[in-house]
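The values are calculated or read from the model by the stated rules, or taken from the named source; none is laboratory data. On a predicted model such as this, the values are computed, not experimentally measured, just so you know. A quick note on method: Cβ atoms are made from the backbone with ideal geometry, for glycine too, and the neighbour counts reach across all protein chains shown. To get the accessible areas, we keep the full protein, side chains included, count just its heavy atoms, and leave off ligands, DNA and RNA. Shrake-Rupley method; radii C 1.70, N 1.55, O 1.52, S 1.80 Å.
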Amino acid sequence: MIAYLGRIVHDNDAESKLDDDVSSISKSLDLQGSIENGDVSSLASKDFGGLYSVKPLFLIKPSGAEDISRVVKLASRTSNLTVAARGNGHSINGQAMAEGGLVIDMCSTEKNHFEFLPINGSHYIDVSGGALWEDVLTRCVSRYGYAPRSWTDYLSLTVGGTLSNAGVSGQAFRYGPQTSNVTELEVVTGKGEITVCSETLNSELFFGVLGGLGQFGIITRARIKLQQAPDMVRWIRVVYSEFEEFTRDAEFLVTQKEGESFDYVEGFVFCNNDDPFNGWPSVPLDPGHEFNPTHIPQTAGSVLYCLEVAFHYRNSDNPTVDTAVNGLLGRLRFVEGLKSQVDVSYTKFLLRVNRAEEQVKANGTWDGPHPWLNLFVSKSDVVNFDRTVFKTMLKDGVGGPMLIYPLLRSKWDDRTSVVLPEGEIFYIVALLRFVPNGPSVEKSVAQNREIVNWCIKVGLDFKLYLPHYQSKEDWERHFGNRWSRFEERKASFDPMAILAPGQNIFRRDPSNIIISREF
């Protein structure tokens, strides 16, 4: 069977035979799940970014870790097969694709694990790496009244997918990213070994996989920290005309102690005009509330800034909510008259982007290309970034949200594979473009490249989040002095460079197998 697979990889004439042999390959692997032809029309050949389309050899729908292990071991016995784990397909630049390789549909394993675990007075949930965060949320809250502490904005993402990157939202200033809120993993390594790891057990694998871009193992189970879920959220947006005032207030809020600030802090840039997607109409939370531009100072420029915050509370706390929220807002310097707020359930708040997804799907833009760009920018350089990028390059918007808000380095674990700018405070910048097919896609990609090249040219302290580079030199620059550690982890856990080929970090080459080194 290995020889047969080798012929398929090298012989284009064999494509017509694939359908007939899918069942025999499945039997040979002894899969409990299923296997499908990697046709170009299948979900494995595309992703949310819509910028790339490549044809895998097969799409595997495993029943669990054992199936995944068999697939990886099969690849290791060939000279060129690679394996990519695909969550819910929300990569932007083809990171979860495997051209001519094997793509594993992790969503087929989403129901494999769901166990609530009280341990030494704390609470955890064991979930499958293929579980969607939205399902974890609703099941945890409805069954146990608990929920994970750290989230992403959009929850139709898999647990394993976000943990392989970092997982960031407005709670990360307090609890760190999702990678800082997991205590145990089950992983299938690039050698096909099923390994349980934690901070104290197989710790090099544990920290390597967290933020490891899929390079060292495929996450099949994760143990996530929980906290008691609030009942309600007061969701508020306030507006600033000056970037320095916006950042001062945002940094003040994220550096306060728990109980002395909001529970969620984010922000975004929007155009100082009435454009429905990029301007004033994007700010109000209540459909019945209109943005009143007469409150905007005459000194305001082409862009404005919105600070978005949320305060959690129990139903029994309702009489004290106004006092607490007004006390916090009273310390901020936003533009008077430009405040919008609503009270919503905790679950509804966390699923806010999923509801927006329904609206965008209705107008047909959800399925279009998404040339997004995500960066971490040091506090020391963020004013320069605003001046050049937001106020100049992007003063007319990007056809979608332009997020920017501060995070705290001390809430991240340096032992993971994630790399960050220097300094305690840095900002996440997310340019979430929704563009139609055609020339605008190439223009957006070119503008993203221009922004990154400018950051490099002027020496900004920045890192790409959800990084995508084409050359080894770029990856070495991205990881900096942590490149050698990343290489060593690859050599230890995936020495044949089988996993996550779409990241373009290591290439599988039988004449250049990575040699393991002692740490």
Strands (runs of 3 or more DSSP E) contained entirely in the stretch 31-145, each with at least 1 residues that are of a type in the set (Asp, Glu), open to solvent by 30 Å² or more (accessible area, probe 1.4 Å) and touching a Leu at 6+ places or on another chain (Cβ under 7 Å): 34-37
Name the residues in the stretch 348-368 that are over 30 Å from SER440 (Cα atoms) and buried (at least 17 other Cβ atoms within 10 Å of the Cβ), would you? PHE349, LEU350
Checking the condition open to solvent by 10 Å² or more (accessible area, probe 1.4 Å) and either under 16 Å from ALA430 (Cβ atoms) or among the polar types (S, T, N, Q) (or both), which residue from THR200, THR189 passes? THR200
Across (1) open to solvent by 40 Å² or more (accessible area, probe 1.4 Å); (2) modelled with pLDDT of 95 or more, PHE434 clears everything bar (2)
Take the conditions free of Cβ contacts under 8 Å to residues at least 40 places away in the same chain and of a type in the set (S, T, N, Q) and apply them to SER150. Does it pass? yes
Expected single match for in contact (Cβ under 8 Å) with a residue 40 or more places away in the chain and touching a Ser or Thr at 6+ places or on another chain (Cβ under 9 Å) among GLY170, GLY212 is GLY212
Output the residue which, of all residues in the stretch 423-441 that are assigned to a loop (DSSP other than H, G, I, E, B) and of a type in the set (A, V, I, L, M), is farthest from ASP367 (Cα to Cα). LEU432
For ILE224, are the conditions met, namely being part of a strand (DSSP E or B), buried (at least 20 other Cβ atoms within 10 Å of the Cβ) and in the same structural domain as SER169 (by the TED database)? yes
Somewhere in the stretch 159-180, is a residue assigned to a strand (DSSP E or B) and open to solvent by 30 Å² or more (accessible area, probe 1.4 Å)? no
Among SER378, SER410, which is open to solvent by less than 20 Å² (accessible area, probe 1.4 Å), among the small types (Gly, Ala, Ser) and under 25 Å from VAL254 (Cα atoms)? SER378
Counting only residues that are out of contact with any His (no Cβ under 9 Å at 6 or more places or on another chain) and under 22 Å from PRO148 (Cβ atoms), the stretch 230-255 contains a total of 3
Could you tell me how many of the residues in the stretch 324-373 are over 29 Å from the mean Cα position of the chain (by Cα) and over 30 Å from VAL435 (Cα atoms)? 14
Return a yes/no flag: does the stretch 454-464 have any residue that is open to solvent by less than 60 Å² (accessible area, probe 1.4 Å), in contact with a Pro (Cβ under 9 Å, 6 or more places away or on another chain) and assigned to a helix (DSSP H, G or I). no
Taking ALA250, is it in contact with a strand residue (DSSP E or B) (Cβ under 6 Å, 6 or more places away or on another chain), open to solvent by less than 10 Å² (accessible area, probe 1.4 Å) and not assigned by the TED database to the domain that holds VAL335? no
For a quick check of your reading of the model, give me the residue pairs whose first member lies in the stretch 22-39 and is in contact (Cβ under 8 Å) with a residue 12 or more places away in the chain, whose second is in a helix (DSSP H, G or I) and of a type in the set (Asp, Glu), with beta-carbon atoms closer than 6 Å and at least 6 apart or on different chains. LEU31/ASP67; GLN32/ASP67; GLY33/ASP67; ASN37/ASP19
